[in-house]
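The values are calculated or read from the model by the stated rules, or taken from the named source; none is laboratory data. Nothing here was measured: the structure is a model prediction, and the numbers come from that model. Here the Cβ is made from the backbone with ideal geometry for all residues, glycine too, and neighbour counts use every protein chain on show. Ligands, DNA and RNA are stripped out before the accessible areas are found, and what is left, the full protein with its side chains, is counted by its heavy atoms. Shrake-Rupley method; radii C 1.70, N 1.55, O 1.52, S 1.80 Å.
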Amino acid sequence: MPAAGERSAARREATGRRLERFAALRGGTGAGVGGRAYRRQLAEKLGGRELPLGTRYHVFVDPPGYKIGNGGSTLHVLRCLEDLYGDKWTSFTVLLIHSGGYSQRLPNASALGKIFTALPFGDPVYQMLDLKLAMYIDFPSHMKPGVLVTCSDDIELYSTGLTETVTFDKPGFTALAHPSDLTVGTTHGVFVLDPSSVSGEGDLEYTSCHHFLHKPDVETMRRCGAVCLRGSSPQPSSSGDHSDSEEGSECVYTDSIFYMDHSVAEQLLAFYKQMGTLCCEIDAYGDFLQALGPGATQDYTKITSNMTKEESQLVEVRQKLYSLLKGTALNVIVLNNSKFYHIGTTQEYLFHFTSDSKLKFELDLLPLAFSSVSEGAESSDHSATVIQSVLEPGCSLGPGSVIEYSRIGPEVSVGKNSIISGSHINLKVDVPSNSFLSSLSVKMNDRVQYVSMVFGVEDDLKRSVKALSDLHSLRFFGVSLPECLGRWGVQVSDQLFSSGSTCLGLWTVRIFPVCSTLSESVGVSLKMLNSVQHSSAFTLQGFKLLSVEEMLAYKDLEDMLKFRKQIYDEICLQRGKEKSDL
């Protein structure tokens, strides 16, 4: 088995090759946030010749009513394709990217969608959508008609031999598998593979899955025979980094994307039509794949611990899906030289973009991506990352911070490990370390105004309580929420939360002031943070206050994209001047 450095270099070379091919197709011929936001941004990217033009792109929004999960969304998309194209859709190769959800763990992606998260490379900068299309660029020519399902907040980098191809041509389901440590397996799907069919040697192997485990604990992985030694076939192991661990160390094969051929897709569509209205969340991975393979049992159909709610229909739907899919093949393409990166939380975002030298190396990430940084703008080291932003002379950035789509003025000092998104800071201010700041344009009463949300990067925006008496367990920048409210002169009541009394948390608390300018909204929100940090008073009385939930409901997409375009045009102008001066 090649050394870890050689495997990483091979992935870098293969990734670069795919990105070059995609760059050649950009603009040439060659798939939670409202659908309008997605359609508007797709139109912008197509108009800017950032995407291949010979492809049909669609945005489908879940039906109103109950949450149906990414499995329900998959079924709904199949229905939409049939409605649009009739029987013709069964001859298509479809890439289905799930990009819904509120992105509460990475709120700078909440307004415009995780699939449009900016990445620190490219000219213009790549977003997750561009990278997805680039990484899968080789697939369509080796894929029979069917549907390839993926998520919008992960990156799969892999290398295969020059004569090897990833082919999706078998009936049933086909999934990619990546060697990962056992800890990673506890938060992913894990394949129990046929021991005789996988050697662990070479970059690419085709095999079948005996049994699929969804987010199993380590004991379950061992008991089911999923644990193997790196560089050898899967075998029971008694004793746990990703694919670059040393040969002989323990690993499991974890999931990422999967393909289903059209006969399976048609079966699932018929099931969806028969069910009528779905009233529960279906997991495309847990509820589809666990039914597959000769070792599948229906035990999982009664386990609801992984769901956000236990709806009465869930067990019934799972059992029907199990009966429908049982006996269907789960083929597995083992990518022995691959790495799976998840970028779905503030911590992962900061780590992968600023600290993780492996991802930086393999994807060739830049500290300055399509940005204008004047002389005199300082970064304490090269670990800060700037994406499509303007930094004026005199500002300074701490290590491990990410600035995107923002304008940073001359007297601004940004601490370490912070995220600033869509903001204009033009006052003398120190942004504390570990801060999260994201600004949105909102339209209220036909007037565009601005709100900036500010948190600590470790604050839990998903956490909620049911009673006002439990608010003390919610933390804002490390301080209990009631203490913060007291410093801001805000009264505690049910009316303080946009969800009424049903969901009390940082996501729904009305604490963010509406202002007439972008820079004013940033200034006021930073003063809120300063008052918490220094135990001082700062009154929010007199301001109209919104929750994050309401900010997203009132967001003005056009104005936010206009601000990004102004920054883009200024950077282009600056670059043109620099070229003419040479």
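Values as computed for the structure displayed
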| read-out | value |
| --- | --- |
| Leu471 being hydrophobic (A, V, I, L, M, F, W, C), under 25 Å from Val442 (Cα atoms) and in a helix (DSSP H, G or I) | no |
| Identity of the residue in the range 536-549, in a loop (DSSP other than H, G, I, E, B) and open to solvent by less than 10 Å² (accessible area, probe 1.4 Å), that ends up farthest from Leu112 (Cα to Cα) | Leu540 |
| Residue, farthest from Gly5 (Cα to Cα), within the range 354-399, restricted to residues that are among the acidic types (Asp, Glu) and modelled with pLDDT under 90 | Glu375 |
| The range 406-450, residues that are under 19 Å from Asn530 (Cβ atoms), open to solvent by less than 10 Å² (accessible area, probe 1.4 Å) and aliphatic (A, V, I, L, M) | Ile408, Val412, Val414, Ile419, Ile420, Ile425, Val431, Leu437 |
| Among (1) modelled with pLDDT of 95 or more; (2) in contact with a Leu (Cβ under 8 Å, 6 or more places away or on another chain); (3) more than 24 Å from Asp123 (Cα to Cα) - the single one Val402 does not satisfy | (3) |
| Positions within the range 298-328 being at pLDDT 95 or above and either part of a loop (DSSP other than H, G, I, E, B) or not polar (S, T, N, Q) (or both), in sequence order | Lys320, Leu321, Tyr322, Leu324, Leu325, Lys326, Thr328 |
| Residue, nearest to the chain's Cα centre (by Cα), within the range 340-362, restricted to residues that are farther than 21 Å from Leu397 by Cβ and of a type outside the set (Asp, Glu) | Gly344 |
| Subset of the range 157-167 [at pLDDT 95 or above and out of contact with any Asp or Glu (no Cβ under 9 Å at 6 or more places or on another chain)] | Thr167 |
| Hits in the range 93-147 (condition: more than 25 Å from Thr385 (Cβ to Cβ) and in a helix (DSSP H, G or I)) | Pro140, Ser141, His142 |
| In the range 550-567, the residues that are open to solvent by less than 70 Å² (accessible area, probe 1.4 Å) and either of a type in the set (Ser, Thr, Tyr) or part of a helix (DSSP H, G or I) (or both) | Glu550, Met551, Leu552, Leu557, Asp559, Met560, Leu561, Phe563, Arg564, Ile567 |
| Residue ID - most open to solvent (accessible area, probe 1.4 Å), chosen from residues in the range 58-116 that are hydroxyl-bearing (Ser, Thr, Tyr) and closer than 26 Å to Glu348 by Cβ | Tyr102 |
| Selection within the range 514-535 - open to solvent by less than 10 Å² (accessible area, probe 1.4 Å), under 19 Å from Asp459 (Cα atoms) and not in a helix (DSSP H, G or I) | none |
| Any hit, the range 482-501, residues being open to solvent by less than 20 Å² (accessible area, probe 1.4 Å), out of contact with any helix residue (DSSP H, G or I) (no Cβ under 7 Å at 6 or more places or on another chain) and farther than 30 Å from Val412 by Cβ | yes |
| Checklist (1) modelled with pLDDT of 90 or more; (2) open to solvent by 40 Å² or more (accessible area, probe 1.4 Å); (3) within 24 Å of the chain's Cα centre (by Cα) applied to Arg18, failing item | (2) |
| Pairs, first over 13 Å from Val454 (Cβ atoms) and assigned by the TED database to the domain that holds Asp459 in the range 417-437, second in a strand (DSSP E or B) and not aromatic (Phe, Trp, Tyr), C-beta under 7 Å, six or more apart | His424/Arg407; Asp430/Ser413 |
| Boolean, Gly400 is crowded, with 21+ Cβ neighbours inside 10 Å and not in a strand (DSSP E or B) | yes |
| Selection within the range 127-157 - aromatic (Phe, Trp, Tyr) and open to solvent by 10 Å² or more (accessible area, probe 1.4 Å) | Tyr136 |
